[in-house]
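Each remark here refers to the structure printed beneath this line.
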Amino acid sequence: MNHDNRIGITSSVPIEILYAAGLKVVDLNNVFIESDDPSALVERAERKGFPESSCAWIKGIYAAVRERSIKTVIAVVQGDCSNTHALMETLEFEGIRTVPFLYPYDRDKALLKFQIEKMCQEFGVDMGSVNRTKSELDAIRAKVKEIDRLTWEEGKVTGFENHYFHISCSDMRGDPQGFAGNVEAFVNEARMRKPKDFDIRLGYVGIPPIVAGIYEFVESQGARIIFNELQRQFSMPEIEQDIVEQYRAYTYPYHVRYRLEDIRREIARRRIDGLIHYVQAFCFRQIEDIIIRRSVDVPVLTIEGNRPGTLDLRTQMRLEAFLDILRSKQRRRLNR
Ligand code: SF4
């Protein structure tokens, strides 16, 4: 098997450029969390010297690069995570080629355009081929949008399935054609399903969980997550003709206000009863919890994960109590 065309990414980047260049994109977050033993990857990084008191996602990404023998990594050095700087320097020190990409904090169009053009130059592709690739990827994104609609409007897709297809859009599973086929087959199958009854409609905001079982636990309690905020962003839900506008509409890398606009709009559109805000131990984004809690008009439960594993008992109990609160709120509203 020829591995030479693989390129790792630490976060969503304009993958149109990479696929136009004939590369196979590998989202290192997915490699880490979907490995047989993600805890072992975290430990591998710690044995190399990564501090215990640092984010497990960063450690997992590092170990995923080494385990998969990835030779080139695109590191998002602005707009994702400040830890990526040190990660990139460490990888570079160990002989990995790293290519920086940055999202301008204020969504400046000219600066983003410059970054995109620079990336095209780095990988030797022109805008014509990038735009042709973009059209192909947009067709897949439109189908994933249908999966999202089947989730919140028709109740035919589970919260986890919704999460899975959205996060897969960051790299299209390294094989856009194959992924397109899977998405198509899933949409056809899901359309035939009978809707599931659930009384509480939840939104999940924040980075994808490092612990497994949140979606399944919520469903076991008769509720469902019908909005996966950041995962949905990876699918570029606002499809724009222009690639620069496309990546400006992506809310995650910029000021939190853009995420809040999206969250508030979707709470109203999807009639969401409450939000789960997932935060990661040792992540600077935890601080944004202050803003998120004050900016929405539905109850918010903040849960924290640290290392890979399954949902712990304490978090299960907190989720149960949260659902009780939402149900009594719902009853009071109906009795009014
Ligand atoms: S969870 Fe936070 S600290 Fe960890 S990689 Fe993501 S943004 Fe960085």
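Rule-based calculations on the coordinates, nothing more; no lab input. Predicted model, so just to flag it, every value in this text is computed and none were measured. As a convention, Cβ positions derive from the backbone with ideal geometry for all residues, glycine included, and neighbour counts pool all protein chains shown.
So here's what we get for this one:
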read-out	value
Cross-link reach list, aspartates and glutamates versus Lys118, counting only Cα pairs under 14 Å and skipping chain neighbours closer than eight places	Glu16, Asp126
Sum of -39500 (n - 2.57) over DSSP H runs of 4+, divided by residues of the chain (222 nm, nearest 500)	-16500 deg cm²/dmol
Percent RCO, i.e. relative contact order, over the chain, from Cα pairs under 8 Å lying at least 6 residues apart	18 percent
Cα-Cα over 28 Å, subset of Lys113/Lys145; Lys143/Lys196; Lys134/Lys196; Lys71/Lys113; Lys109/Lys145	Lys134/Lys196
Sequence-distant lysines (8 or more away, or on other chains) whose Cα lies within less than 16 Å of Lys48	Lys59
Pairwise centroid distance, computed over Cα atoms, of the range 180-206 with the range 243-321, Å	20 Å
Mean-position separation - Cα centroids, the range 15-33 and the range 221-236, in angstrom	22 Å
Per-pair calculated FRET efficiency, R0 = 25 Å: Lys194 and Leu334 via Cβ, rounded to 0.05	0.50
Between helix 159-168 and the chain: long-axis angle, C-alpha atoms, 0 to 90°, nearest 10	10 degrees
The range 223-336 shape via C-alpha gyration tensor axes, a/c threshold 1.5	oblate
Whole-angstrom gap from the range 111-149 to the range 50-71, using each part's C-alpha centre	27 Å
Distant alpha-carbon pairs in the range 143-229 (separation over 19 angstrom), percent	37 percent
The range 6-126 - Rg (one decimal) and Dmax (whole number), Cα, Å	14.5, 43
Per-peptide average of other Cβ atoms within 10 Å, ordering 150-163, 111-124 highest first	150-163, 111-124
Quarter of Cα convex hull surface for the chain, i.e. mean projection, nm²	17.1 nm²
